[in-house]
Amino acid sequence: MTRTHNLGFPRIGARRELKFALEAYWQGRSSAAELNTQAALLRERHWAAQAAVDLVPVGDFSLYDQVLDMSFTLGHLPQRFQGFDGPELDNYFRVARGRSAPQVAGHGACCGVAAGEMTKWFDSNYHYIVPEFRAGQTFHLDASRLLQQLAEAQAQGRHAKPVLIGPLTYLALGKAKDGSERLDLLSPLLAVYAELLDTLAAHGARWVQIDEPLLATELDPGWAQAYRDAYAVLGTRRAQLLVATYFGPLRENLPLLAELPVQGVHLDAVNARDEVAPLLAALPGDRVLSLGVINGRNIWLTDLNATLDWLEPVARQLGERLWLAPSCSLLHVPVDLAQEQQLDAELRSWLAFALQKLDELALLARALREGRAAVQAELAANAAALAGRRASPRVHNPAVAQALARVDARLGQRPSPHAQRAATQAARLQLPAFPTTTIGSFPQTAEIRQARSRFKAGEVTAAAYDDAMRREIAHCVKAQETLGLDVLVHGEAERNDMVEYFGEQLVGYAFSQFGWVQSYGSRCVKPPLLFGDISRPRPITVAWSRHAQSLTERPMKGMLTGPVTMLNWSFVRDDQPRAITCRQLALALREEVLDLERAGLPIIQIDEAALREGLPLRRAQWGDYLDWAVACFRLMAGGVADATQIHTHMCYSEFSDILPAIAAMDADVITIETSRSDMALLDAFRSFRYPNQIGPGVYDIHSPNIPSQADIVTLMKRAAERVPAERLWVNPDCGLKTRQWAEVTPALQRMVAAARQLRAELG
Ligand SMILES: CN1c2c(nc(N)[nH]c2=O)NC[C@@H]1CNc1ccc(C(=O)N[C@@H](CCC(=O)N[C@@H](CCC(=O)N[C@@H](CCC(=O)O)C(=O)O)C(=O)O)C(=O)O)cc1
Ligand SMILES: N[C@@H](CCS)C(=O)O
Ligand SMILES: [Zn+2]
């Protein structure tokens with residue numbers, strides 16, 4: 001009989017209970033005991049919500065990040081966090097968030113602890129804390145977190161399946177900062193994994209899920225062999241192993257997965273439907289094959305009838321060896337659609353969040369066990385909803401298709417090359433050397449969020465909300481003038497989020513009230529739902545930016561989110577290629593760029609923070625993606641005159657391998673994260689001879705640490721060794737929305753002072 005299981009459940013809580021509990025603890029408003037009680041309550045609630053699946057995941061819950069949890073389980077912390085004599089929970093959050101040294105006058109934050117580096121989990125908008133490796137290091141087992149959660153689940157009568165990140169994926173996700181070979185650490189690492197598996201088995205875990213999404217990427221031969229070596233060791237332990245792959249097809253790694261001496265494997269059958277048959281053929285006859293048949297990365301209803309069409313013969317062939325699951329952990333989708341009572345009923349009928357996805361799973365399993373007739377009504381309702389979506393006039397707008405058909409490459413071409421534009425812009429902007437600016441957002445204070453909440457709840461009028469936001473913008477502009485910044489921003493007070501805000505104003509998008517998805521730690525996003533053809537009914541940002549520019553003589557930067565980021569951070573339609581959806585977004589947002597230019601904004605920033613994370617997992621597909629992604633950026637930006645300066649911004653420093661594409665975007669200025677990598681990224685910009693201007697982020701805004709002037713100067717001097725000084729800007733590495741004014745003001749004071757020092761010393 002087909003078994004069902006789940007790979008992971010969203011841990012933030014349907015009402016973001018974990019977020020609020022964490023923030024209360026960090027702010028000293030609650031105790032560790034209260035935080036742990038709330039966490040246990042959420043785990044209990046989540047296992048109860050998964051009661052219908054045969055095996056529930058354990059250890060997928062995390063107080064901050066599952067990779068960081070794994071590092072603690074493996075006794076593997078960077079040296080700077082070792083020897084801390086406070087509670088382990090506090091050390092855990094020190095790795096996650098860093099810690100400033102006490103700010104003594106005249107001293108910088110030299111003795112604070114820098115947070116662990118954070119980067120994207122494969123091609124998702126989830127961020128993990130990067131493990132840091134060094135040659136010859138050791139590991140030791142701390143199974144306490146897993147054992148506690150296993151005991152909790154068992155006490156609640158659940159059939160529990162611990163979830164671990166597999167050893168090869170763990171090694172690949174980390175960085176060897178000393179340049180050593182990570183695979184040299186495999187042997188000591190495996191010893192701890194083996195001990196962990198035995199420990200879990202001894203505590204009653206019959207199955208252990210080992211996540212190896214690395215198998216959905218191209219592997220160097222050494223890594224492929226390491227898989228064989230690793231599972232030759234782990235496959236002999238007492239626990240039965242299910243090796244889970246997801247986020248993409250296995251391709252050349254399919255035989256490798258099939259030959260691993262484990263008891264079961266999981267395939268993402270949403271992204272690799274055509275690999276079900278070959279994997280089945282390659283798999284030894286005693287293995288479990290788990291198929292991920294419900295999309296764990298998107299929110300559309302599954303086509304249950306179509307799924308059963310191909311699944312029924314597989315079930316007949318496999319019998320008990322077939323398990324069903326979502327394609328990946330449900331971490332990437334919101335918890336419960338039933339909360340979305342403001343979403344119109346038709347649209348709601350097209351959607352499934354985590355709980356509804358588990359219902360779909362149960363339905364499929366029942367149809368396989370008892371025949372389709374047993375769930376006839378549900379299957380008919382599913383078919384009707386899908387037919388409604390396919391035929392809906394809300395999805396298809398012929399005017400958008402016609403406009404898209406008229407697009408040609410000339411629309412993406414600025415009138416002159418960058419060198420010529422730069423001269424025109426310099427004459428217009430009159431900026432000093434090492435101009436200072438910020439990335440756009442300023443603190444989203446509790447007052448701002450509350451004002452918006454009250455407006456959305458109908459407790460204040462649109463006019464009053466508008467006034468409150470205009471006052472915030474005025475405050476932000478004044479503060480930047482006082483700080484002495486050269487290029488100002490309006491501060492994005494009016495935006496709930498840089499993607500959701502634009503989604504709310506474009507036709508073709510809907511948005512949820514509670515559709516939160518964890519982005520990192522306690523921070524969440526509510527990806528808007530892109531369901532139909534995109535158009536812009538009216539200007540979106542122009543009034544705010546015009547207001548901001550009217551308050552200052554200094555140049556104001558208009559602030560927009562680019563099409564690729566809108567695409568990658570939304571839940572997007574699955575009924576047409578992403579490239580077409582992206583082009584629709586670009587065309588609509590191009591009008592916004594032109595309106596901002598007409599309103600007199602001399603600089604317009606188009607954020608493409610998600611361009612890199614959208615890269616396909618396999619390099620072979622990068623070229624195609626980058627071609628259309630760059631073309632979409634250029635389509636949005638390309639209509640302005642030479643005198644209008646286009647900036648773009650990207651977070652996360654791993655761009656060395658896509659520099660030609662970044663150059664092809666032809667933004668006049670790019671601001672990027674480099675501070676955590678000590679400007680190493682700029683080596684790549686130098687070797688590539690990147691021709692345009694660059695603002696390498698001079699401090700890490702994700703940490704509360706306040707940078708010192710000296711550190712900023714040192715970083716910028718390093719930058720100036722790599723990029724001609726006249727092409728350098730000085731800015732933080734991302735927006736300041738998550739910080740408080742008490743952190744932002746001293747940090748920017750030091751940044752401006754550093755720029756002045758640089759002008760005096762190098763200018
Ligand atoms: C740059 N980043 C972004 C990513 N993805 C995005 N979609 N957006 C991004 O900016 N990915 C990569 C990075 C990730 N970084 C971040 C940084 C910060 C956040 C964040 O701060 N998220 C907020 C939620 C933001 C939001 O939408 N707020 C709404 C709702 C406010 C709210 O919760 N209101 C409460 C009441 C508040 C009160 O009374 O004080 C309520 O309604 O209950 C808004 O401003 O209107 C977060 O808090 O997690 C995310 C990713
Ligand atoms: N303009 C945005 C970009 C974040 S990636 C901000 O400043 O928050
Ligand atoms: Zn950013």
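The values are calculated or read from the model by the stated rules, or taken from the named source; none is laboratory data. Keep in mind that what you see is a predicted model, and the values were worked out from it rather than measured. Positions of Cβ are backbone-derived with ideal geometry, glycine not excepted, and every protein chain shown enters the neighbour counts. Heads up: the accessible areas ignore ligands, DNA and RNA and are worked out on the full protein's heavy atoms, side chains in. Shrake-Rupley method; radii C 1.70, N 1.55, O 1.52, S 1.80 Å.
What to note about this one:
- Residue that is most open to solvent (accessible area, probe 1.4 Å) [pool: residues in region 708-749 that are under 19 Å from Cys476 (Cβ atoms) and over 28 Å from the mean Cα position of the chain (by Cα)]: Gln749
- Extreme residue, most open to solvent (accessible area, probe 1.4 Å), among residues of region 639-664 that are more than 18 Å from Glu592 (Cα to Cα) and within 16 Å of ligand 2 (Cβ to nearest atom): Glu654
- Asp624 vs. criteria closer than 30 Å to Gly98 by Cα, more than 16 Å from ligand 3 (Cβ to nearest atom) and of a type in the set (Asp, Glu): no
- So Pro707, is it away from ligand 1 (no atom under 16 Å from the Cβ), closer than 30 Å to Arg410 by Cβ and touching a residue at least 12 places away in the same chain (Cβ under 8 Å): no
- Filter result for Gly614 (within 16 Å of ligand 1 (Cβ to nearest atom) and in contact (Cβ under 8 Å) with a residue 60 or more places away in the chain): yes
- Being of a type outside the set (A, V, I, L, M), within 16 Å of ligand 3 (Cβ to nearest atom), out of contact with any helix residue (DSSP H, G or I) (no Cβ under 6 Å at 6 or more places or on another chain) and free of Cβ contacts under 8 Å to residues at least 40 places away in the same chain is a property that holds for Glu500.
- Any hit, region 710-726, residues being within 16 Å of ligand 1 (Cβ to nearest atom) and touching a residue at least 24 places away in the same chain (Cβ under 8 Å): no
- Matching helices (runs of 4 or more DSSP H) fully within region 282-385 where at least 3 residues are within 30 Å of Gly235 (Cα to Cα): 304-318, 354-370
- Residue match in region 62-72 (condition: closer than 16 Å to Gln156 by Cα, under 26 Å from the mean Cα position of the chain (by Cα), open to solvent by 10 Å² or more (accessible area, probe 1.4 Å) and not β-branched (Val, Ile, Thr)): no
- Those residues of region 674-701 which are under 14 Å from Cys734 (Cβ atoms) and open to solvent by 40 Å² or more (accessible area, probe 1.4 Å), in sequence order: Arg676
- From the options Ser545, Ser570, residue that is closer than 30 Å to Leu22 by Cβ and among the polar types (S, T, N, Q): Ser570
- All positions within region 706-763 that are closer than 30 Å to Asn496 by Cα, more than 16 Å from ligand 2 (Cβ to nearest atom) and polar (S, T, N, Q): Thr745, Gln749
- Elements of type helices (runs of 4 or more DSSP H) contained in region 143-252, each with 1 or more residues being closer than 20 Å to Arg43 by Cβ and either open to solvent by 10 Å² or more (accessible area, probe 1.4 Å) or touching a helix residue (DSSP H, G or I) at 6+ places or on another chain (Cβ under 6 Å) (or both): 144-155, 186-202
- Reported count of residues in region 287-317, each being free of Cβ contacts under 8 Å to residues at least 40 places away in the same chain and touching a strand residue (DSSP E or B) at 6+ places or on another chain (Cβ under 7 Å), is 4.
- The set of residues in region 604-638 that are within 15 Å of ligand 2 (Cβ to nearest atom), open to solvent by 10 Å² or more (accessible area, probe 1.4 Å) and of a type in the set (Gly, Ala, Ser) contains only Gly614.
- Screening the candidates Leu361, Leu379 for the property of being over 23 Å from the mean Cα position of the chain (by Cα), under 23 Å from Pro249 (Cβ atoms) and not small (Gly, Ala, Ser) yields one hit, Leu361.
- Residues being among the charged types (D, E, K, R) and within 16 Å of ligand 2 (Cβ to nearest atom) - total across region 413-451: 1
- Among the conditions (1) open to solvent by 10 Å² or more (accessible area, probe 1.4 Å); (2) within 16 Å of ligand 1 (Cβ to nearest atom); (3) touching a strand residue (DSSP E or B) at 6+ places or on another chain (Cβ under 6 Å), the only one that Thr671 does not satisfy is (1).
- Picking from residues in region 541-562 that are crowded, with 23+ Cβ neighbours inside 10 Å and among the hydrophobic types (A, V, I, L, M, F, W, C), the one that is farthest from ligand 1 (Cβ to nearest atom) is Met556.
- Applying a threshold of 7 Å to beta carbon distances and a minimum spacing of six or more residues, or different chains, the list of pairs starting in region 1-20 at a residue that is farther than 21 Å from Ile210 by Cβ and ending at one that is hydroxyl-bearing (Ser, Thr, Tyr) reads Lys19/Ser522.
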